[in-house]
Amino acid sequence: MNRKFWLLRGLKFVVFAALFVALAGYVTMRLWNWLVPELFHGPAISLAQTYGLLLLSRLLVGFRGGHGGGWAARRHAWKQRIAAKMEHLSPEERESLRAKMERRCGPGWLRHRAAEAAPTS
């Protein structure tokens, strides 16, 4: 592609990124100055303080949003914990837990149960 095309594309990205950061800071400042002084008797903050607050929150929570992976990783970890707990249960306790989960979670548990009951050859 043309060098001029990439230069314009990069410039457009920088402009939109700067606009997004400015808008996010402004909205955060307005929300803070609207809610915190009235609800908690806290101070009003400037735009520079807002950017500092946003940076501090990112440092404390983490740049990935504080999650140890996406929903698939959390689902996989949950399944492993449940499987580990069910290993130590007697067959009667397993059946009781399955019945309880069917009542709480719906028919999704029935599919897993049918797959377990199906003979494997």
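The values are calculated or read from the model by the stated rules, or taken from the named source; none is laboratory data. Fair warning: this is a prediction, and the values are worked out from it, not measured in the lab. FYI the Cβ positions are ideal-geometry reconstructions off the backbone, even for glycines, and counts take in every protein chain you see.
Tell me, which residue of region 50-64 that is surrounded by 10 or more Cβ atoms within 10 Å (Cβ to Cβ) and part of a loop (DSSP other than H, G, I, E, B) is farthest from the chain's Cα centre (by Cα)? Walk me through how you get there before you give the answer.
Residues of region 50-64 surrounded by 10 or more Cβ atoms within 10 Å (Cβ to Cβ): 50-58, 61-62, 64.
Pick out the ones that are also part of a loop (DSSP other than H, G, I, E, B) and you get 62, 64.
Working: Gly62: 12, Arg64: 9 Å.
Per the criteria, the residue is Gly62.
List, please: which pairs have Cβ atoms under 6 Å, are six or more places apart or on different chains, and start with a residue in region 12-41 that is among the β-branched types (Val, Ile, Thr) and end with one that is surrounded by 12 or more Cβ atoms within 10 Å (Cβ to Cβ) and not in a helix (DSSP H, G or I)?
These pairs meet every condition: Val36/Gly42.
Is it fair to say Leu47 is out of contact with any Pro (no Cβ under 6 Å at 6 or more places or on another chain), surrounded by fewer than 10 Cβ atoms within 10 Å (Cβ to Cβ) and not assigned by TED's automatic domain parsing to the domain that holds Met101?
Here the answer is no, as Leu47 does not meet what is asked.
Is it the case that some residue within region 6-14 is under 26 Å from the mean Cα position of the chain (by Cα), assigned to a helix (DSSP H, G or I) and loosely packed, with under 11 Cβ neighbours inside 10 Å? Explain how you work it out, then say what you get.
So in region 6-14, the residues under 26 Å from the mean Cα position of the chain (by Cα) come out as 13.
Now restrict to residues that are assigned to a helix (DSSP H, G or I): 13.
Still in the running and loosely packed, with under 11 Cβ neighbours inside 10 Å: 13.
So far as region 6-14 goes, yes, one or more of its residues are under 26 Å from the mean Cα position of the chain (by Cα), assigned to a helix (DSSP H, G or I) and loosely packed, with under 11 Cβ neighbours inside 10 Å.
Within region 23-37, does at least one residue satisfy the condition of being touching a Gly at 6+ places or on another chain (Cβ under 6 Å), in the same structural domain as Leu54 (by TED's automatic domain parsing), part of a helix (DSSP H, G or I) and surrounded by 11 or more Cβ atoms within 10 Å (Cβ to Cβ)?
Yes, there is a match, as at least one residue in region 23-37 is touching a Gly at 6+ places or on another chain (Cβ under 6 Å), in the same structural domain as Leu54 (by TED's automatic domain parsing), part of a helix (DSSP H, G or I) and surrounded by 11 or more Cβ atoms within 10 Å (Cβ to Cβ).
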